[in-house]
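Written out below as C-alpha cells is the structure these notes cover.
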Amino acid sequence: MQLAHVGTRYIVNALTGATCGCGTDDYPRLLSPLDWIVIGSESGPRRRPFDWQWAIDIRDQAARAGVPMFMKQGINAAGKLSTDPAEWPGSFPREYPA
C-alpha cells in the first residue's frame, strides 16, 4: 500500500522511501498511484497555523483522482484542535481504502 504525507509540500512513497518536493499543481499527477491519503492539522502547544484552503485543494484533487481520503483533525472556528467534522468548514471525508 502506498501512503502520502502531503504536509509541507512533499509527497512520500512509504514503500520505497523516495521523496519528491513538489508544488500543489503536481498533486494530481502524484496522487493517482496512491491507495489512501490521510491529512490533518498539527497538534500540540506549538502547532503551526492550519491552511484550510490547502486541505480543500487536497480533498478536491483526491476526489478527482478517485483516491480515498481521511481528514484526521482540523482547527475549528474558535482556534481549537477538533476531530469533529461538524466543526470544520465545508465537508471533509473520513474514508478508508477498499
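We did not get these values from a lab; they are worked out from the coordinates using the rules stated. Every value quoted in this text rests on a predicted model; they were computed, and no experiment measured them.
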Amide proton proximity set for Ser41, modelled H, under 5 Å, gap of 5+: Gln73, Gly74
Backbone HN-Hα couplings from phi across segment 61-74 [Karplus 6.51/-1.76/1.60, Hz, Gly and Pro as x]: 6, 5, 4, 5, 7, x, 9, x, 10, 10, 8, 6, 7, x
Per-residue HN-Hα couplings for segment 80-85 [Karplus 6.51, -1.76, 1.60; θ = phi - 60°; Hz; x = Gly/Pro]: 9, 5, 9, 9, 9, x
